[in-house]
Amino acid sequence: MYLAPSCVTLTPLIRKPRATRDQPLFANPYLITTVRWLIGLMFILSGVAKLQDPKGFIMAVYNFRTLPNVLVEPYAILIPYVELAAARCC
């Protein structure tokens, strides 16, 4: 019976897994990072745009007529800051 020398390992070196044809696309770490950055950028741009024209955004929320009139202004003031905070979490 042959025994391998102790300096030879039988297991391959452990490497960080990469997406291959056998793995799903979302396993690619570069793709995940890119998508997270794009979502964060989207939140930043939309939040800044709403902060630049708060009265226009208040009118846009009012014209949807989904909230009671009392809640339109607080909602329109709060949403840009929520978007900026969400961008920071991405």
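Here, each number is a calculation from the coordinates, and none is a lab measurement. Every value quoted in this text rests on a predicted model; they were computed, and no experiment measured them. Please note: Cβ atoms are built from the backbone with ideal geometry, for glycine as well, and neighbour counts cover all protein chains shown.
Would you pick out the residues in the range 37-61 that are without any contact (Cβ under 8 Å) to a residue 12 or more places away in the chain and not hydrophobic (A, V, I, L, M, F, W, C)?
GLN52, ASP53, LYS55, GLY56, listed by residue number.
Can you name the residue in the range 75-90 that is surrounded by 11 or more Cβ atoms within 10 Å (Cβ to Cβ) and of a type outside the set (A, V, I, L, M) and, of all such residues, is nearest to GLY40 (Cα to Cα)?
CYS90
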